[in-house]
Amino acid sequence: MSRYDNYNYRDILNSIETNGISCCPPNPCPFPPRPCPCPPRPCSCICMGITGPTGPAGPMGATGPQGIQGETGPAGPTGTAALAAYGTFVSNTGQTVTDGPVNLHAPLTTTPVGITFTPPTTSVTVLNAGIYRIEYRIRIASGTGASMVLLQGGTAVPNSSVAVLVGNSELSGVATVTAIENDTIAIGITGAETVLAATGTNAFLNILQIA
């Protein structure tokens, strides 16, 4: 059966009546004429050829306009603040102390930050108000009956005392203190005469601001 035989002339007639065009154009196909659906005059057939090949793709269209800016995202978590103050201080000179602070002679390896210190001196000064974690330590040759304490502003910090039980020993302590601006920190000896070791590091003070 040919494409001509399958052609629906009723559809053609409806299209012609709707669009107001002639139903009898010149015969465009090789099939024999057939009566036109528009009586009373005959006309050539109207047929549909085979589908041609797909044409080439058209050129790419122009880039569309940029979209509107989205909403700002939520803020990220707060980062860790840089340390505002820190420093480590030592003594490496033999000394005898009775009811007083221990002399410190040098900062250890790095320059203190936020803390002033002019050796030899008995205390260091923290420039910033805040909370500090402090480690303190002494090494003694003799001094049974004495105690090591941490001094803040010249006064012993509560619960910072460490007793000397035997000579030729090392005492150590850790304390957290709340300091005011330009507060002083020192290691102290109370109770009895204490002789620090004559060689090596005999006093150690490490200060770190934590808030």
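Since every read-out is calculated from the coordinates, none of them should be taken as a lab result. On a predicted model such as this, the values are computed, not experimentally measured, just so you know. Neighbour counts are summed over all protein chains in view; Cβ atoms, including those assigned to glycine, are modelled from backbone coordinates with ideal geometry.
Assorted remarks:
- In a fully extended conformation the segment linking ALA163 and GLU71 would gain 26.8 nm over its present Cα-Cα distance, using 0.36 nm per residue.
- Taking the square roots of 5 times each eigenvalue of the Cα gyration tensor of segment 139-211, largest first, gives ellipsoid semi-axes of 24, 13, 10 Å.
- For a label point 7 Å along the Cα-to-beta-carbon line of THR144, residues of segment 159-173 with backbone N under 18 Å: 163-171
- Scanning residues 5 or more positions from ALA203 or on other chains, those with amide H under 5 Å from its amide H are SER91, ARG139, with H placed 1.01 Å from N in the peptide plane.
- Among 68-75, 84-91, sorting by the average number of other beta carbon atoms lying within 10 angstrom of each residue, highest first, gives 84-91, 68-75.
- The Cα-based radius of gyration of segment 57-211, divided by its Kirkwood radius, gives an Rg/Rh of 1.44.
- A straight chain from ALA62 to ALA84 at 0.36 nm per residue would run longer than the Cα-Cα distance by 2.3 nm.
- When each of the peptides 56-67, 138-149, 113-124, 165-176 is scored by how many other beta carbons lie within 10 Å of its residues on average, the order from highest to lowest is 138-149, 113-124, 165-176, 56-67.
- Reported to the nearest whole Å, the Cα centre-to-centre distance from segment 121-161 to segment 86-100 is 10.
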